[in-house]
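To start, the structure itself, in structure tokens.
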Amino acid sequence: RECEVVIFSAVRAPEACTATRGIGFLSDERRLNVALTRAKSLLIVIGHARTLSQSRAWAALLKHVRMTPGCFYDVPQSMEASTLWRLIEQRAREAGPSRRHFATQES
């Protein structure tokens, strides 16, 4: 089912905090495909880029958004949720009707 805006939470604990290495269910490329194809106007992905990069598919997506101006935002781990939400709302307004990808990384 498509929506104008999709917020995809890909938040996983960094590998130093996990007993086993990997990104679990997020390594399933079908989940990534569904997330990427359901947004009509804006896709917001929130996650830990270094952890997600353990998957080839996520690494390719992160490489792409980092190379595309206005698509990747490095957000400090200490940022309050309300501040992050205001940033997301601002970027959503700026994106307008064009399809944009938004990724955040916890430092």
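Give the residues of the range 73-88 that are assigned to a helix (DSSP H, G or I) and aromatic (Phe, Trp, Tyr), sorted by residue number. Answer for the range 73-88, where residues must be assigned to a helix (DSSP H, G or I) and aromatic (Phe, Trp, Tyr): just TRP85. Give the residue that is modelled with the lowest pLDDT, with candidates limited to residues of the range 19-46 that are among the β-branched types (Val, Ile, Thr), farther than 25 Å from THR83 by Cα and not in a helix (DSSP H, G or I). Across the range 19-46, the extreme among qualifying residues is THR20. In the range 47-67, what count of residues is obtained for those that are of a type in the set (Val, Ile, Thr) and modelled with pLDDT under 85? Of the residues in the range 47-67, 1 are of a type in the set (Val, Ile, Thr) and modelled with pLDDT under 85. Quick one: is ALA16 at pLDDT 85 or above, loosely packed, with under 14 Cβ neighbours inside 10 Å and assigned to a helix (DSSP H, G or I)? When the stated conditions are applied, ALA16 does not pass them. Taking the range 33-63 as the range and being more than 20 Å from CYS3 (Cβ to Cβ), open to solvent by 60 Å² or more (accessible area, probe 1.4 Å), of a type outside the set (S, T, N, Q) and in contact (Cβ under 8 Å) with a residue 12 or more places away in the chain as the test, only ARG50 passes.
The values are calculated or read from the model by the stated rules, or taken from the named source; none is laboratory data. In this text the structure is predicted, and so the values were computed from the model without any measurement. Virtual Cβ from ideal backbone geometry, glycine too; neighbours counted across all protein chains shown. Surface areas here come from the heavy atoms of the whole protein model, side chains and all, with no ligands, DNA or RNA. Shrake-Rupley method; radii C 1.70, N 1.55, O 1.52, S 1.80 Å.
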